[in-house]
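Okay, structure first, notes after.
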Amino acid sequence: MNKKFIPVAIIILLAVLYVGASAYIKQRIVSEINDFTASAGFSEEIKYESLSVNPVSMSGKLKQVSFNDTELKFNADEFSFNVLSNKGRISNLSVANGEETINIDEIDILKFEKEDGVPKSVDINVTALHLPISDEEIKSKLGKDEVTLDIQISTNADFKNMVYEYSKLNFLAEGLGDMKMNLTFSGVDIKSYSKYSTANPDSLQNNEEFSKKVQEDISKLKINSLKVELTDKGFMEKLFLQPEEGDNSTIEERRQKLMEGADEKIAAIESPFEKQFSEDMKNFILEGKKEITVTMNPAEPVSLQQIMLSSMMNGTVDELVSMTGLKYEMK
């Protein structure tokens with residue numbers, strides 16, 4: 001072979017491999033994104049204006065992405081995805097339902113691992129979800145027409161033992177407060193729902209088999225542990241302690257006014273736990289405290305059905321405390 005031809009042949013080979021790899025990655029990226037949307041409960045495949053890929057990093061970007069599902073319409077400026085890491089990012093997403101539209105600045109898919117096609121370990125951050133406010137009174141009190149929300153979700157599933165952990169289920173409302181949750185539940189075979197993943201959500205409402213399965217699984221579902229942390233960053237003051245027009249009272253005076261009559265109501269409570277909680281909540285408001293932590297750590301996982309039945313049969317809060325190991329702390 002002519003030695004001068006060897007470099008040319010190598011270049012041609014690399015070019016062919018590059019083009020072939022690019023075509024493969026394009027196919028994989030579109031397939032993975034469609035799988036992602038399907039696992040999130042959407043039945044339609046995505047549409048896009050352009051797709052660029054990098055075979056070296058095994059990543060790609062879709063521009064002007066859209067897909068519709070029943071009455072919802074989704075549009076995003078960009079959807080980037082890495083085939084190897086399953087990491088992705090959605091930028092400037094809008095979700096329209098009739099006349100109402102919700103905008104999201106960014107969704108970061110930091111981790112998305114599946115087992116047998118079912119999400120097993122997920123880590124997703126939603127940045128700046130803009131929720132429109134329809135109530136005029138709330139608009140006036142907040143001084144804006146939308147609430148900006150950050151959401152952080154981190155999950156891990158042990159399908160073999162049917163134990164599922166939401167180590168992070170956080171909702172952070174700008175200028176109002178944070179709600180951070182940690183939940184572990186068990187007793188339900190999540191994988192068994194995979195056969196319904198391609199079904200239209202509307203059709204499932206009238207699916208007798210699906211409805212029966214949901215009812216059976218609710219009776220099996222158990223709460224292993226729960227932790228909820230609430231932090232007030234303006235919620236109380238803006239919604240409940242705003243002065244009326246012409247009111248020159250101090251915020252301490254408005255706290256006292258808000259709690260007028262609380263002592264009489266607390267005195268009438270029979271449940272020891274509920275009475276103490278109400279007293280502590282009164283002091284929480286009067287003293288301007290900011291944080292509440294609620295935990296449930298039952299000695300053994302307790303069924304959701306048992307909790308619901310206890311409530312329906314006029315069970316007291318004290319029974320719930322005994323059943324779930326419910327505790328709280330305010331500071």
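None of the figures in this text is laboratory data; all of them are computed from the coordinates on show. Note that the coordinates shown come from a computational prediction; the quantities given were computed from them, not determined experimentally. Note that each Cβ is placed from the backbone with ideal geometry, even for glycine, and that neighbours are counted across all protein chains shown.
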Determine, from the Cβ-Cβ distance of Ile190 and Asp105 and an R0 of 25 Å, the FRET efficiency 1/(1 + (r/R0)^6), rounded to the nearest 0.05.
0.25
According to a simple spin-label model (label point 7 Å from Cα along Cα-to-Cβ), what is the distance in nm between Glu287 and Asn54?
5.3 nm
Cross-link reach from Lys238 to lysines, straight Cα distance under 24 Å and at least 8 residues apart if same chain, gives Lys139, Lys141, Lys144, Lys180, Lys257, Lys282, Lys289, Lys290, Lys331
Assuming 0.36 nm per residue, please report the length gained on full extension of the stretch Asn156 to Lys114 beyond their Cα-Cα distance.
14.1 nm
Under the Karplus curve 6.51 cos²θ - 1.76 cosθ + 1.60, θ = phi - 60°, whole-Hz ³J(HN,Hα) for segment 204-214, x wherever Gly or Pro sits:
5, 4, 10, 8, 4, 4, 5, 4, 5, 5, 4
Skipping prolines and chain starts, which residues have an amide H placed within reach, meaning under 5 Å, of the one on Lys290, given they are 5 or more residues away or on another chain?
Lys331
At a Förster radius of 25 Å, what calculated FRET efficiency corresponds to the Cβ-Cβ distance of Phe171 and Leu204, to the nearest 0.05?
0.40
Quick one: which residues, 5 or more positions from Glu78 or on another chain, have an amide H under 5 Å from its amide H? H modelled 1.01 Å from N in the peptide plane, none for Pro or chain starts.
Gln64, Val65, Ser91
Taking a crude spin-label model, label points 7 Å out from Cα along the C-beta direction, the Lys220 to Phe240 distance in nm is 4.1 nm
Just the number: Rg to Rh for segment 221-331, Cα atoms, Kirkwood Rh, two decimals.
1.06
Compactness check, segment 120-258: C-alpha Rg relative to the 2.2 N^0.38 Å globular estimate gives 1.46
For Ser66 and Glu260, extending 7 Å from Cα along the Cα-Cβ vector and measuring point to point gives, in nm, a value of 5.6 nm
Could you please state, rounded to a whole Å, how far the C-alpha centre of segment 121-141 is from the C-alpha centre of segment 90-104?
12 Å
